[in-house]
Amino acid sequence: EAGVVQSPRYKIIEKKQPVAFWCNPISGHNTLYWYRQNLGQGPELLIRYENEEAVDDSQLPKDRFSAERLKGVDSTLKIQPAELGDSAVYLCASSRNRDRVDEQFFGPGTRLTVL
Amino acid sequence: GQSLEQPSEVTAVEGAIVQINCTYQTSGFYGLSWYQQHDGGAPTFLSYNALDGLEETGRFSSFLSRSDSYGYLLLQELQMKDSASYFCAVRPHNAGNMLTFGGGTRLMVKP
């Protein structure tokens, strides 16, 4: 089966610019996650979706970050405006359902550099 | 809160056995997971321990002891391709069904 697809793989922007990341999870996976991973650290959850419903979004900086999963399939994560500290790898992952949280399938990530 | 501690770096030679430890401070959790991540790549699920004891999957084994707040990943017959970062993760009872990852251990396998 096809894995989790993310685009773009790399993005370089200047601070205060907007940026968006796209994710298509594995077919049939109801649960979708967005993580941020800083260099040399583990992934940190930003938001989790159960179908089209956003849950576990307490770590999402809502003043500048937003996410959507309108039809319960692919998802978009947006940052507006970007800050220097947002430079990181943004990972998308999916799991079959909320009972399979421990086994997540990750995409290759989008490496964001904010100048 | 939840805190997972791992050594930042481990070095071993090809063919050897290496153990990567994960100690944690959390009030309660469902189980301990391990993920592998090559440089520039996606984290890949390796194993999950819901209960105390040893789980074996090929060259990799994972162990959990809740009474000792401790787990480890054991890699046998090391190969060069095992050079990667390894993350332990837990799903705490009070964290709304989300995974909390450790900082990762960078394993370097030398010839």
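All of A:Asp57, A:Asp74, A:Asp63 fail the test of being surrounded by fewer than 19 Cβ atoms within 10 Å (Cβ to Cβ), among the acidic types (Asp, Glu) and modelled with pLDDT under 90, apart from A:Asp57. Among the conditions (1) part of a loop (DSSP other than H, G, I, E, B); (2) away from chain A (no Cβ under 13 Å); (3) modelled with pLDDT under 95, B:Glu56 misses just one, which is (1).
Looking across the stretch A:84-98 at every residue that is part of a helix (DSSP H, G or I) and more than 9 Å from chain B (Cβ to nearest Cβ), the one that is surrounded by the most Cβ atoms within 10 Å (Cβ to Cβ) is identified as A:Asp86.
Residues that are polar (S, T, N, Q), in a strand (DSSP E or B) and within 22 Å of A:Asn38 (Cα to Cα) within the stretch B:1-24 comprise B:Ser3, B:Asn21, B:Thr23, listed in sequence order.
For the stretch B:82-101, the candidate set comprises residues that are closer than 21 Å to B:Ile17 by Cβ and not aliphatic (A, V, I, L, M); within that set, the residue that is farthest from the other protein chains (Cβ to nearest Cβ) is B:Asp82. In the stretch A:99-110, the qualifying residues are those that are of a type outside the set (Phe, Trp, Tyr) and at the interface with chain B (Cβ under 8 Å from one of its Cβ atoms), and the one that is farthest from B:His38 (Cα to Cα) is A:Val101. Does B:Arg66 meet the test of being away from chain A (no Cβ under 14 Å) and over 27 Å from A:Gly3 (Cα atoms)? Criteria met by B:Arg66. Which residues, counting only those in the stretch A:51-71, are facing another protein chain (nearest Cβ under 9 Å), more than 15 Å from A:Asp86 (Cα to Cα) and either in contact (Cβ under 8 Å) with a residue 12 or more places away in the chain or part of a loop (DSSP other than H, G, I, E, B) (or both)? Of everything in the stretch A:51-71, those that are facing another protein chain (nearest Cβ under 9 Å), more than 15 Å from A:Asp86 (Cα to Cα) and either in contact (Cβ under 8 Å) with a residue 12 or more places away in the chain or part of a loop (DSSP other than H, G, I, E, B) (or both) turn out to be A:Asp56, A:Ser58. Within the bounds of the stretch B:36-50, is there any residue that is touching a residue at least 60 places away in the same chain (Cβ under 8 Å) and either within 13 Å of chain A (Cβ to nearest Cβ) or assigned to a loop (DSSP other than H, G, I, E, B) (or both)? Yes, the stretch B:36-50 contains a residue that is touching a residue at least 60 places away in the same chain (Cβ under 8 Å) and either within 13 Å of chain A (Cβ to nearest Cβ) or assigned to a loop (DSSP other than H, G, I, E, B) (or both).
The values are calculated or read from the model by the stated rules, or taken from the named source; none is laboratory data. Predicted model only: the values in this text are computed from it and were never measured. Backbone-built Cβ (ideal geometry, glycine too); neighbour counts: all protein chains shown.
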